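Notes follow the structure.
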Amino acid sequence: MRMRWFLGSRIRSPVNLSIISRSIGLVPHWASSSISRSSVSMAGIHNNSNSETGLARRFWIKFTHQTIFAMYTPFAIALASGNLNIDSFHHYIAQDVHFLRAFAHAYELAEECADDDDAKLGICQLRKAVLEEVKLHNSLVQEWGLDLAKEHSINSATTKYTDFLLATASGKIEGLKAPGKLATPFEKTKIAAYTLGAMTPCMRLYAFLGKKFQELLDCNEIPHPYNKWIDNYSSDGFQASTLQTEDLLDKLTVSLTGEELDVIEKLYYQAMKLEIDFFSAQPLFQPTIVPLTKGHKPAEDHLIIFSDFDLTCTVVDSSAILAEIAIVTAPKSDQNQPEDQIVRMSSSDLRNTWGFLSKQYTEEYEQCIESIMPSDRCMALLIGFDLCFAVNHFDYKELSIALEQLSKFENTANNRVIESGVLKGISLEDIKRAGERLILQDGCSNFFQKIVKNENLNANVHVLSYCWCGDLIRSAFSSADLNELNVHANEFTYEGSASTGEIVKKVESPIDKVEAFRNILKNCNDDKKKLTVYIGDSVGDLLCLLEADVGIVIGSSSSLRTVGTQFGISFVPLYSGLVKKQKEYVEESTSNWKGLSGILYTVSSWAEDVAIQRYGVILISGYAVTRICGRG
């Protein structure tokens, strides 16, 4: 069991056990008072925010995860790769011209509503910038010799955004009374603020995508066919216009109430969603790497998702949860214990014992990680030799041998925990209650639900975990309506409903994990083509990550990357990996993602995974990669 809540490399400050106990709904059994939570109004949240961070910036930070849904659309990936079919780009430009005209009109209405001369001037400048953008689009249309009105009708996604934007700029906002003809200057200024709230996310999203696509340009390749588009939205000028829009939103909202700020937040979020729908609606006339579910046939294909649990799915490591349950529910040192119950340590003794075990684990874990590094490469690093071949040469066999040492260490650490008696007398009821209230990573539950609840996928999900107690994992997923997940973990033994302190060892090391992974595949008694995806975050997941067709590393474990790099593993951000694959993807091509390639794909969060699912990519942030199934 990885007691990673103690490791300084993962958590810089000590875990506050009182916070953990509150988050999982535990209080000491001797305590009679309950802990109450006070509700905080949205207005209070806005008013108490860091005054140095503007409203527009706070909204962008809050909803920035939504950008993934735009980035991972087939259209955006094809555009970024440079092989987007020109007909698709023509259609996009036709939609964007209509979009920009609505933008210019909305700025005009906002300018009329603003009562501050500086705000009026700023909005006027932004309107002129949009009109220049329309001229750029028109010049492209003329260059192509197109008649947009005849060749490309306006699609519903474009209309939904423009209707929403112009209705907002006209004061027609859902749930609010429209200002009359005798509206006061202040009431009109609110309309200007609402309008900017509905326009700002679009500007910021385009600025973000422009910079993102620019980062992926390869100066050694032929010029990108859509370089003019990328240059425009990544330019200093467009970035400045975006900042100017955000600054105006901040200025116009200074005197608004909390409820009025809530309205702007809702408009901001709705505009972001409509903009993402705009990208999703762009038609494609070519094979693309996403969505891959077009080629997925449940009768012929079998998708198997594997995932680690601790700190991959959870915010807090399960060892910390179990430690806190033991400490919080243990008797005080001066209390007599019933003779018919398992004798337990006092809470103070438990806390001291856990502290000793954690310190010992931390020191020995770091020593173990250092010892499994290839000595020749470490020496070469020290004396400055050229490591080009050594570092780039993927060696799975040597990695497996090295991780056998880590497996022995984990086994010794688990035996030490069992012998200490710290796990004795924990109530199964408390474990289940803690599991039900365990906080999962944002997007994790949604990701799994989209897989197991999808009747069009022949898919199974297996959770492979070092966790000492499988009941904790099952309760956590059960509370999220995910009873379909197959849990492979260690298990407590019980006398009645209290743990004996013993552990039935099933998965306690990297070697155990990969053997469980192989056995699951071996026991799939069908002839269907299998696609395996493994999601993990630690050194203990490395072998499974590599053997899966697609290995997704979630988070930023420094030890995983350090060890992996030393054995020649390449870590590639999923999004850039998808864009690269799209560049290479041509009609009638067939390509499979296969294990043991030495390449792992990295994502920052489960949000990316959900985005890929939304567009049919069976897995993950950039969110995982999946198999290419023939055409499109």
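Pairs needed: first member in the stretch 266-290, closer than 17 Å to Phe69 by Cβ; second member anywhere, open to solvent by 20 Å² or more (accessible area, probe 1.4 Å) and of a type in the set (Asp, Glu); C-beta distance under 6 Å; at least 6 residues apart or different chains.
Every condition considered, no pair remains.
Name the single residue, out of those in the stretch 222-255 being open to solvent by 20 Å² or more (accessible area, probe 1.4 Å) and in a loop (DSSP other than H, G, I, E, B), that is nearest to Trp144 (Cα to Cα).
Per the stated criteria, the residue is Pro225.
Among the candidates Ser497, Ser475, which residue alone is assigned by the TED database to the domain that holds Leu546, of a type in the set (Ser, Thr, Tyr) and within 27 Å of the chain's Cα centre (by Cα)? Steps first, answer last, please.
Details: Ser497 fails: within 27 Å of the chain's Cα centre (by Cα).
Going through Ser497, Ser475 in turn, the sole match is Ser475.
Under 7 Å by Cβ, and 6 or more places apart or on different chains, what pairs join a residue from the stretch 48-67 that is farther than 18 Å from Leu248 by Cβ and outside the structural domain of Ile276 (by the TED database) with one that is at pLDDT 85 or above and of a type in the set (D, E, K, R)?
Ser49/Arg58
Residues of the stretch 535-557 being in a helix (DSSP H, G or I), among the acidic types (Asp, Glu) and open to solvent by less than 10 Å² (accessible area, probe 1.4 Å), which ones? Don't jump to the end; show me each part of the working.
Restricting attention to the stretch 535-557, the residues satisfying the condition of being in a helix (DSSP H, G or I) are 539-547.
Right, trim to among the acidic types (Asp, Glu) and you get 541, 547.
Within the stretch 535-557, just Asp541 meets the criteria.
I'm trying to understand the selection: among the residues of the stretch 478-494, which are within 22 Å of Ala323 (Cβ to Cβ), modelled with pLDDT of 95 or more and within 27 Å of the chain's Cα centre (by Cα)?
Within the stretch 478-494, Val487, Ala489 qualify.
I need a count of the residues in the stretch 263-291 that are aromatic (Phe, Trp, Tyr), over 23 Å from His90 (Cα atoms) and surrounded by fewer than 21 Cβ atoms within 10 Å (Cβ to Cβ). Can you show your working first?
Keep residues of the stretch 263-291 that are aromatic (Phe, Trp, Tyr), which gives 268-269, 278-279, 285.
Narrowing the set further to residues that are over 23 Å from His90 (Cα atoms) leaves 268-269.
Checking which are surrounded by fewer than 21 Cβ atoms within 10 Å (Cβ to Cβ) leaves us with 269.
Number satisfying all stated conditions: 1.
Which condition number does Ser81 fail, the rest of (1) farther than 30 Å from Leu216 by Cα; (2) crowded, with 22+ Cβ neighbours inside 10 Å; (3) of a type in the set (S, T, N, Q) being met?
Result: Ser81 passes all but (1).
Given the structure, is Asp386 of a type in the set (Asp, Glu), modelled with pLDDT under 90 and assigned to a loop (DSSP other than H, G, I, E, B)?
Values: of a type in the set (Asp, Glu): yes; modelled with pLDDT under 90: yes; assigned to a loop (DSSP other than H, G, I, E, B): yes.
The answer is yes for Asp386.
The values are calculated or read from the model by the stated rules, or taken from the named source; none is laboratory data. Source: prediction; values computed, not measured. So basically every Cβ, Gly included, is an ideal-geometry build from the backbone, and we count neighbours across all protein chains shown. To get the accessible areas, we keep the full protein, side chains included, count just its heavy atoms, and leave off ligands, DNA and RNA. Shrake-Rupley method; radii C 1.70, N 1.55, O 1.52, S 1.80 Å.
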